[in-house]
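J.: My questions all concern the structure below.
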Amino acid sequence: MSSSSDSLVRMINQIAANSMGAHDPVAAVVKHLHSFWTPKMCSDLKSSNLTSELNAVAAQALAAL
Amino acid sequence: MKYLTWTDEAALEVVREHAEKPGPMLLTLQALQERFGYVETSLLPSIAKELNVSRAEVHGVLTYYSDFRTTPPASRQIHLCVAEACQALGVRDVVKELAAAGYEVGERSKDGATDVVGVYCLGNCALGPAALVDGNLCGRVSAKSLVAQVTS
Amino acid sequence: MTLLHEPDLGTPAVKSDIEVELVIDGMPTRVPAGTSVMRAAALLGTAVPKLCATDSLEAFGSCRLCLVEIDGKKGTPASCTTPCEPGMVVHTQTPKLEKMRRGVMELYISDHPLDCLTCPANGDCELQDMAGVVGLRDVRYGLEGANHLDAPTDDSNPYFSFDESKCIACSRCVRACDEVQGTFALTIEGRGFDSKISPGGTDFMSSDCVSCGACVQACPTSTLQEKTVIQIGIPTRTVETTCAYCGVGCSFKAELKGNELVRMVPLKSGGANEGHSCVKGRFAWGYASHPDRQLEPMVRESITDPWRKVSWNEAITYAATRLKDVQAKYGQQSIGGISSSRCTNEEVFVVQKMVRAAFGNNNIDTCARVCHSPTGYGLKQTFGTSAGTQNFASVAKADVILLIGANPTDAHPVFASRMKRRLRQGAKLIVVDPRRIDLVRTAHIKAEHHLQLLPGTNVAIVNALAHVAATEGLLDEEFIQTRTEEKAFRDWFEFIKKPENSPESVEAISGVPASELRAAARLFATANNSAIYYGLGVTEHSQGSTMVMGMANLAMATGNIGREGVGVNPLRGQNNVQGACDMGSFPHEFSGYRHVSDDTVRHQFEELWGTALQAEPGLRIPNMLDSAIDGEFKGIFIHGEDIAQSDPNTKHVKAALGAMECVIVQDLFLNETAAFAHVFFPGTSFLEKDGTFTNAERRINRVRPIQPPKTGKHEWEIVAELSQALGYPMQYGSSAEIMDEIATSTPTFAGVSFAHLDKVGSVQWPCNEENPVGTPTMHVDGFVRGLGQFMVTPYVATEEKSNRKFPLLLTTGRILSQYNVGAQTRRTENVNWYPEDLLEMHESDAELRGIVDGSFATLSSRVGETVMKVTITDRVPPGVVYSTFHYPTSGANVVTTDYSDWATNCPEYKVTAVELRPSIKPPQEIGMAAADLGLELVNE
Ligand code: SF4
Ligand code: SF4
Ligand code: SF4
Ligand code: FES
Ligand code: FES
């Protein structure tokens, strides 16, 4: 478990929690990741073994990437 | 005149009584002086805070009026008029005699019990030399009569 | 190059639509009604003699030197206090006036030491000038009468002295302190002949004085005088430049004698400061020549080796080789850069260009990340532009000021003075802050409401304010209909009406009484002009971006956008935070806030720079550090930034730096971060820089050098040469050429050039064809994004909550005399005011833990601990402690965690769960040890 994946989990969960007010929270999270995350951050998180720690919206968003 | 002993708490209470009144600064300082006989300068920052002004502003008012004191008064007070009419009626001699008796005008008496202050006209010119002894107006005073009063 | 004398017209300008005509000394003239006769004459070029008047202060009429004769009027009125009237015929020079003025001067001089020849103000003294002007030849009154010639000098202030014997009791100093600065530290003590200037019965250092220097500037004599003038002499030439401390961006005249800086005097025509300054800008520039400053480049193989001083050539080649090696070994993405918001726009622009074009990736971030990134995000989402909406002068039209998480009297002093002036005129203030900042109650200022919330509950509060407006019919329907997106508003309206946003619900979360919230909301929503000002207390939270959007919602909902006196205004920390953000130093954006994935924009830069650019965002600082610890990110160029001290969770930062194979630091001093560096490039101080800073009101100000770089190279030159050495050619003849490139590539800067700035002084972007002299107020007829967009802003509690183990909440801030991590201010006389970091805590919390006032205590959080000196105060409520972060010895960031804003990763400095316990030992030399290590190694 790397230091990055840990932070990435925390970050995406937090982004999801704060996007709940949006019309389509999953889409909002996806848009956010596209705008601000490097492709490697996304792929690192996908391939990490920590995806079980994601909240529902975060998990859906990651899957939709 | 009996004054209360200065404590910061008691003084602040007096300040707060007046803080909300319009133009509170003079009222407050006067009230403090009435109650305690003087205004302790170490309290200036707190007075300023209560009145929502700066410490310098309180200092300015306090030093502008010569009536305000910043040290505790002696137990007895002589305010001797040294203005023109009283001079014509011989107050200069009174001043000299008082000094000889240990009561220099502008200072505290040698025995430490009386403050002697020179003032300008008490509105009692016809009965000069005039003086206030502990706030009571007296006419035709002499050094002797004054000393007698404050030592009685 | 000569000394710039800005004309003094005697009394302030008056604004009026009505003009009056009059004749002065035979010359007809027209002035706005209300203008003084003195000013009208000065505008005609006739300087009426004066001593007590100066145009930064209201007329006072005490010196009687400015007497004039007016046809049909009896006597000789003072021209400074006499307003012009239609048809007046004024004479400023008559034999009668001359005689009277000479008489007045004679009296002044009779009580003034006649040592003009040896006086430090010789040649810069209005009394001396006036004596000449009125033709004073001899003084009938001897100096043997009662006088003040033996009056003592007060030298307690480190920067200026007060020589009472020279005072003419004009009270300009008193009025400057009251009217301009708003501190009311001075008074006239006593009365009549005995009256004298006094800082409240003590010396200056023990008084309320904040050493802004306004009184020194206002003093017509040498009574109040800069000590540098006494030491060095009267300056002979001026260079106009900009303060490099805070986001106010004050314009200054650097006054020099030959090549030596004598003093800094704020520029009256400066758009941000209009002739005022604070102690930092005016006085704290000594660090620029501090012996700690490094002037030569240095390299070392490993961070345990001693530094080796080398030539620029060698250092640059060495750095380039190391970076190339790292990229060869770990890939193109393995290096990056951090730009500094202390540097000029031009320097920042070339750093981000180097990363994108020469490093070949987008791993560029800026230290603005740690302060105002949520501002950019939040205002872009709602208004369409990442910047504040007003100019500073706008506050003079505000009726209600909502101040959130900012402490302007300490952090943005010159803006605070403007704000205080408006408050004294009757505007109402609402303060939202866990701590009782000075503005809550200070001389002649009293906040209407202080919403003393628990740290971390900002969003709940702003939602509650909007809730009241929305449910009590206080919305500005017309503004909402015409200026904002309907659907977004509907969504927001439904959201904000919910009971969870009511003051009653929010009281439970924030600790602010519902009644107080309601009253504050009504005050804000019903005033003509309500303005929001905010600082790091808004942005440095896990919901920093949400809060910025929440404030934007509130402003739009109440129609407080798009004119003077209103708006949403960030008070930026460092001098060039705005500029650093504008210049494209975020990993996802080119200059002008355009996303790297935008093909049109990217192709434009590819063409301009002649190289391919990446379309995906790069790493942010925290992600760089994380992946450094993972062993993937290996090289970094850190420009003028001390991340080991200023970034949260020091331990983590140091571990990350320690894991890198090439750390290049460019700074004035061997800072904390330099302890981990392999290459050190010495930087230039603002006195050597040639470029521009952009302040919090989007104002682009010129920074002009008073001397060539002490290091031999401009910082942009170093970056260009490093790029070159990395194989990407970058060549500029001067920093003006860099600005030209910025203007070509960035629409909001299209009209900016050094030549233009030199002509007009400063401009607020957007500056382009439509707005050639800039844009003081934004979103006037429409938002930059077209229609304003309401955003739904639910409150999400921070994960950093107090608990049994860490029951207190720590929040952080800064103090007036110090600046940020203090690298500069700690190296000036400003240490006299604040020699160490202090931790404020409430009496009840202290008692519980057996901590006494002035003692040391160990401050611990779940990530680290440090020792600090404690002050017991009722400024903070029970449960909250507050500390500053200016000194490395206390290392306040040792305890802050790496929680951050959800959208921008701006660290959550403002909330950390902590515990305190008494400590007998003073703070360890945590940070200093690192810096000292570097220094010692050099000396070996
Ligand atoms: S330096 Fe500034 S605060 Fe101090 S007395 Fe002068 S004007 Fe007032
Ligand atoms: S110190 Fe200077 S400004 Fe102040 S009253 Fe004296 S001469 Fe005037
Ligand atoms: S207010 Fe800011 S910009 Fe102005 S002088 Fe002070 S530190 Fe410098
Ligand atoms: S002169 Fe002494 S009482 Fe009037
Ligand atoms: S300048 Fe007008 S009275 Fe002093």
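The values are calculated or read from the model by the stated rules, or taken from the named source; none is laboratory data. Just so it is clear, the structure is predicted and the values come from calculations on it, not from any experiment. All Cβ positions, glycine included, derive from the backbone under ideal geometry; neighbour counts span all protein chains shown.
J.: What do you reckon, is C:Glu540 surrounded by fewer than 24 Cβ atoms within 10 Å (Cβ to Cβ) and modelled with pLDDT under 95?
T.: no
J.: Would a scan of segment B:84-100 turn up a residue that is surrounded by fewer than 16 Cβ atoms within 10 Å (Cβ to Cβ) and among the β-branched types (Val, Ile, Thr)?
T.: No, the conditions are met nowhere in segment B:84-100.
A quick yes/no check of all residues on (1) within 37 Å of the chain's Cα centre (by Cα); (2) modelled with pLDDT under 95; (3) buried (at least 24 other Cβ atoms within 10 Å of the Cβ):
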| site | (1), (2), (3) |
| --- | --- |
| C:Arg39 | yes, no, yes |
| C:Thr46 | no, yes, no |
| C:Ala53 | yes, yes, yes |
| C:Asp71 | no, yes, no |
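J.: When you scan segment C:255-263, do you find a residue that is at pLDDT below 90 and within 14 Å of ligand 3 (Cβ to nearest atom), even just one?
T.: Checked against the condition, which is being at pLDDT below 90 and within 14 Å of ligand 3 (Cβ to nearest atom), segment C:255-263 yields no hits at all.
J.: Right, something else. Might you check whether a residue that is part of a helix (DSSP H, G or I), at the interface with chain C (Cβ under 10 Å from one of its Cβ atoms) and not hydrophobic (A, V, I, L, M, F, W, C) occurs anywhere in segment A:51-63?
T.: Checked segment A:51-63: no residue is part of a helix (DSSP H, G or I), at the interface with chain C (Cβ under 10 Å from one of its Cβ atoms) and not hydrophobic (A, V, I, L, M, F, W, C).
J.: Out of everything in segment B:3-57 that is β-branched (Val, Ile, Thr), more than 10 Å from chain C (Cβ to nearest Cβ) and in contact (Cβ under 8 Å) with a residue 24 or more places away in the chain, what residue ends up being surrounded by the fewest Cβ atoms within 10 Å (Cβ to Cβ)?
T.: That would be B:Thr5.
J.: Additional query: Which residues, taken from segment C:262-283, are within 16 Å of ligand 1 (Cβ to nearest atom) and either closer than 18 Å to C:Ile230 by Cβ or not in a loop (DSSP other than H, G, I, E, B) (or both)?
T.: Within segment C:262-283, C:Arg263, C:Met264, C:Val265, C:Pro266, C:Val279, C:Lys280, C:Gly281, C:Arg282, C:Phe283 meet the criteria.
J.: If you check C:Ala151 against the conditions, is it in contact (Cβ under 8 Å) with a residue 24 or more places away in the chain, farther than 24 Å from C:Ile230 by Cα, away from ligand 4 (no atom under 16 Å from the Cβ) and not in a strand (DSSP E or B)?
T.: No; evaluated as a whole, the condition is false for this residue.
J.: Let me ask something else about it. Name the residues in segment C:836-854 that are in a helix (DSSP H, G or I), over 16 Å from C:Ser919 (Cβ atoms) and charged (D, E, K, R), would you?
T.: Hits for segment C:836-854 are C:Glu843, C:Glu847.
J.: Can you pull out the residues in segment C:350-406 that are of a type in the set (D, E, K, R) and crowded, with 24+ Cβ neighbours inside 10 Å?
T.: C:Lys353, C:Arg356, C:Asp365, C:Arg369
J.: Could you count how many residues in segment C:414-459 are of a type in the set (D, E, K, R) and outside any helix (DSSP H, G or I)?
T.: 7
J.: For segment C:287-301, check the following and say yes or no: at least one residue is in contact with a Cys (Cβ under 6 Å, 6 or more places away or on another chain), more than 19 Å from C:Pro7 (Cα to Cα) and surrounded by 23 or more Cβ atoms within 10 Å (Cβ to Cβ).
T.: For segment C:287-301, residues in contact with a Cys (Cβ under 6 Å, 6 or more places away or on another chain), more than 19 Å from C:Pro7 (Cα to Cα) and surrounded by 23 or more Cβ atoms within 10 Å (Cβ to Cβ): absent.
J.: Okay, moving on. Mind checking which pairs have a first residue in segment C:443-457 that is on the phi > 0 side of the Ramachandran plot and a second that is surrounded by fewer than 22 Cβ atoms within 10 Å (Cβ to Cβ) and of a type in the set (Gly, Ala, Ser), Cβ under 8 Å, 6 or more apart or different chains?
T.: C:Gly456/C:Ala797
J.: Can I ask one more? Would a scan of segment C:626-638 turn up a residue that is among the β-branched types (Val, Ile, Thr), more than 14 Å from every other protein chain (Cβ to nearest Cβ) and touching a strand residue (DSSP E or B) at 6+ places or on another chain (Cβ under 8 Å)?
T.: yes
J.: Then there is this: Looking only at segment C:609-625, which residues are under 34 Å from the mean Cα position of the chain (by Cα), farther than 19 Å from C:Lys329 by Cα and more than 9 Å from every other protein chain (Cβ to nearest Cβ)?
T.: Correct list: C:Trp609, C:Ile621.
J.: From (1) touching a Leu at 6+ places or on another chain (Cβ under 8 Å); (2) closer than 21 Å to C:Tyr377 by Cα, pick out the condition that doesn't hold for A:Asp44.
T.: Every listed condition holds for A:Asp44 apart from (2).
J.: Further question: Which of the residues that make up segment C:171-211 are surrounded by fewer than 18 Cβ atoms within 10 Å (Cβ to Cβ), more than 20 Å from C:Cys52 (Cβ to Cβ) and within 11 Å of chain B (Cβ to nearest Cβ)?
T.: Of everything in segment C:171-211, just one residue is surrounded by fewer than 18 Cβ atoms within 10 Å (Cβ to Cβ), more than 20 Å from C:Cys52 (Cβ to Cβ) and within 11 Å of chain B (Cβ to nearest Cβ), namely C:Ser206.
J.: Every residue in segment A:11-50 that is more than 8 Å from chain C (Cβ to nearest Cβ), assigned to a helix (DSSP H, G or I) and within 19 Å of C:Thr904 (Cβ to Cβ), please.
T.: A:Ile12, A:Asn13, A:Ala16, A:Pro25, A:Ala28, A:Val29, A:Val30, A:Lys31, A:Leu33, A:Cys42, A:Leu45, listed by residue number.
J.: Answer yes if at least one residue in segment B:63-80 is at the interface with chain C (Cβ under 8 Å from one of its Cβ atoms) and not in a loop (DSSP other than H, G, I, E, B), and no otherwise.
T.: The answer is yes; a qualifying residue exists.
J.: Scan segment B:113-128 residue by residue and report those that are closer than 23 Å to B:Phe68 by Cα and part of a loop (DSSP other than H, G, I, E, B).
T.: Those that are closer than 23 Å to B:Phe68 by Cα and part of a loop (DSSP other than H, G, I, E, B): B:Ala113, B:Tyr120, B:Cys121, B:Leu122, B:Gly123, B:Asn124.
J.: Here's another thing I want to ask about it. Would you be able to tell me the number of residues in segment C:186-208 that are of a type in the set (Gly, Ala, Ser) and over 19 Å from B:Lys49 (Cα atoms)?
T.: 3
J.: Report, by residue number, each residue of segment C:164-208 that is more than 8 Å from ligand 2 (Cβ to nearest atom), under 23 Å from C:Met419 (Cα atoms) and of a type in the set (A, V, I, L, M).
T.: Result: C:Val180, C:Ala185.
J.: Let me ask something additional. Would segment C:304-315 turn up any residue that is among the hydroxyl-bearing types (Ser, Thr, Tyr) and without any contact (Cβ under 8 Å) to a residue 12 or more places away in the chain?
T.: yes
J.: Follow-up. List pairs: first residue in segment B:91-112 and under 17 Å from B:Arg69 (Cα atoms), second residue more than 16 Å from ligand 3 (Cβ to nearest atom) and in a loop (DSSP other than H, G, I, E, B) anywhere in the structure, Cβ distance under 6 angstrom, at least six positions apart or on different chains.
T.: So the pair list comes out as B:Arg108/B:Ala74; B:Ser109/B:Gly102; B:Ser109/B:Tyr103.
J.: Please verify whether segment C:731-738 includes one or more residues that are buried (at least 20 other Cβ atoms within 10 Å of the Cβ) and within 14 Å of chain A (Cβ to nearest Cβ).
T.: No, that holds for no residue.
J.: How many residues does segment C:218-254 hold that are aliphatic (A, V, I, L, M) and over 28 Å from C:Asn695 (Cα atoms)?
T.: The total comes to 5.
J.: If you check B:Gly135, B:Gly112, which single one turns out to be within 16 Å of ligand 4 (Cβ to nearest atom) and either of a type outside the set (Ser, Thr, Tyr) or within 14 Å of chain C (Cβ to nearest Cβ) (or both)?
T.: Just a single option satisfies the conditions, and that option is B:Gly135.
J.: When you scan segment C:672-681, do you find a residue that is buried (at least 22 other Cβ atoms within 10 Å of the Cβ), touching a Leu at 6+ places or on another chain (Cβ under 8 Å), part of a loop (DSSP other than H, G, I, E, B) and at pLDDT below 90, even just one?
T.: no
J.: With the condition kept exactly as written, say whether any residue in segment C:759-778 is surrounded by fewer than 22 Cβ atoms within 10 Å (Cβ to Cβ) and part of a helix (DSSP H, G or I).
T.: So far as segment C:759-778 goes, yes, one or more of its residues are surrounded by fewer than 22 Cβ atoms within 10 Å (Cβ to Cβ) and part of a helix (DSSP H, G or I).
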